[in-house]
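What follows is a set of notes on a single structure, which appears directly below.
Quick note: the coordinates plus some simple rules give every number you see, no bench work behind them. Worth saying up front: this structure is predicted, and the values here are computed from it rather than measured. Neighbour counts run over all protein chains shown; Cβ positions are idealised from the backbone, glycine included.
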Amino acid sequence: MPDLHPDLAHVAHLLGTWSGRGHGEYPTIDSFDYVETVTFSHVGKPFLRYEQRTRRIESDGSLGAPLHAETGYWRFPVPGRVEAVLSHPTGVTEVEEGSITVRSDGATVIDLASTSVTLTASAKSVTALGRRTIRSRTAWRWRPSVSHCSITWRRPSLGSPTTVRAEHVGLQSSPRRLLGFAP
C-alpha cells in the first residue's frame, strides 16, 4: 500500500473498517435490526475512499437481505473543509460539503450538507442529504436532525478497540450528514 498522502494526516484515524449492529425505524416502515460496515481507505492521493454496506438482521439472528449501500470519495481540499462525492445503487448521487474541526476535548467533528443531489429516472425523490459525526476517544456518534437508525461501530486497533456510536436519517428527510471522530 502506498504511503498516506500528507494532506490526509489529520484524518488518518478514520482509516480502516468499522462495523456493528444497529436498530432502525421510520414512520413509513416496520422497525428493523441491521449490521453495517463502513470502510475508509486510501491510494496515496489526497482523498479517502469510502464504502458503506448494511444488511438486515432477521428475527432468528441470521443475516438477511442487503438494506443500503453507498460508495465514493471524501476530499479535504483545504484545512477545515471536507467534500464527499457519493453514489447509491438506488440511482442517487450526492455531493456534500462542509467542515472538519477538532474540539477542545480532542473529538473530531465532520459536518456535511448536500450541495447537489442527482437522480436517475427511476430513483425515489431525494432533495437533500447530510451527516454529522462526533468521534470522542471512546465513541463515534452519527447524529442527524431526525433519527432513522442508530448503531454502534467498532474497529480493532493496536490497543483497545475503538467504538463509534452512530445515528442515521432517512434519505428523503435529512438535510445534513453529521460525523465525528477522535484520534
Taking every other residue with Cβ under 11 Å from the Cβ of P77 and scoring Lys and Arg +1, Asp and Glu -1, one gets -1
Once fully extended, how much extra length lies between R56 and A12, figured as 0.36 nm per residue of separation less the alpha-carbon to alpha-carbon distance? 12.9 nm
Could you calculate the FRET efficiency of S31 with S116 from 1/(1 + (r/R0)^6), where r is the beta carbon distance between them and R0 is 35 Å, rounded to 0.05? 0.65
If eta is 0.890 mPa s and T is 25 °C, what Stokes-Einstein diffusion coefficient results for region 1-118, Kirkwood Rh from Cα pairs, in µm²/s? 154
Evaluate the relative contact order of region 1-75 (contact order divided by residue number), counting alpha-carbon pairs under 8 angstrom at least 6 apart; express in whole percent. 26
Sticking with the crude label model, points 7 Å out along Cα→Cβ, report the distance from V43 to S87 in nm, one decimal please. 1.2
